[in-house]
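The values are calculated or read from the model by the stated rules, or taken from the named source; none is laboratory data. All values reported here derive from a predicted model rather than from experimental measurement. All Cβ positions, glycine included, derive from the backbone under ideal geometry; neighbour counts span all protein chains shown.
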């Protein structure tokens, strides 16, 4: 591992934000426009909030990526409306996932079904991301996540891994993805410097058993705020191995954009010391 390896991964980092009040101002104030920003979707706020923030960030010069939640798309006509609107704003990338609603709003129960429905229009975008799960998903069996990966991969350009706090779990998962023949580039999902309590609540809510146990067992070293430094260092040998085809880090900011960018710049500055 070299300082240049780590710098490359951090320069390619993506920032994930939630479309809540105040986050747009944080992005505009603290992130350079060469940072790719992905915008989540939730059942409570719906796709409208996701698209509105994506459009505003795109107009401001960012490469913004909307999360297109399959379970929030009503039908094929609704899908066409969404794609037309997204393209009209010059958005060049999508992130397609099943989404959190326990019941779909229409005919699309998962990401694979939505990707199939997008059909030839997938070629209109430079990138289409899909989700990978280093840990068991609390609602989906491991067998199903593996099957879904194979179903989605031919219709996507890259994988973004779900949040995980344990480097060995992430590295093992990447090895297994490659062993099974999926060669799409992977962006490794890691948390930004967020409070330990918030991360523990999120990990528990998402059913991330390994990560929740990690946070519980490392109370002393994590203290009040999780710092990604050690996780990034432990991941770098795996992430910089050409065989793993890792594109960079996907930073789950939980809207702590300023603090996350300050951390990223601090690490980048140390790599040049």
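Where in segment 171-273 are the helices (runs of 4 or more DSSP H), entirely inside, with at least 1 residues that are buried (at least 21 other Cβ atoms within 10 Å of the Cβ) and at pLDDT 90 or above?
So the answer is 229-239, 257-271.
Given the criterion in contact with a strand residue (DSSP E or B) (Cβ under 8 Å, 6 or more places away or on another chain) and under 16 Å from residue 159 (Cβ atoms), identify the matching residue among 132, 99.
Result: 132 is the single residue among 132, 99 that is in contact with a strand residue (DSSP E or B) (Cβ under 8 Å, 6 or more places away or on another chain) and under 16 Å from residue 159 (Cβ atoms).
Looking only at segment 47-68, count how many residues are without any contact (Cβ under 8 Å) to a residue 12 or more places away in the chain and within 12 Å of residue 89 (Cα to Cα).
Final tally of qualifying residues: 0.
Given the criteria under 22 Å from residue 52 (Cβ atoms) and without any contact (Cβ under 8 Å) to a residue 12 or more places away in the chain, does residue 84 qualify?
So residue 84 passes the test.
In segment 35-44, which residues are closer than 15 Å to residue 97 by Cα and assigned to a loop (DSSP other than H, G, I, E, B)?
Once the filter is applied, which keeps residues that are closer than 15 Å to residue 97 by Cα and assigned to a loop (DSSP other than H, G, I, E, B), segment 35-44 yields 40, 41, 42, 43.
Output the residue which, of all residues in segment 8-34 that are out of contact with any strand residue (DSSP E or B) (no Cβ under 6 Å at 6 or more places or on another chain) and part of a loop (DSSP other than H, G, I, E, B), is nearest to residue 262 (Cα to Cα).
31
I'm checking my understanding of the structure. Among residues of segment 153-165 that are in contact with a helix residue (DSSP H, G or I) (Cβ under 8 Å, 6 or more places away or on another chain) and either more than 18 Å from residue 188 (Cβ to Cβ) or assigned to a loop (DSSP other than H, G, I, E, B) (or both), which one is modelled with the lowest pLDDT?
The qualifying residue modelled with the lowest pLDDT is 165.
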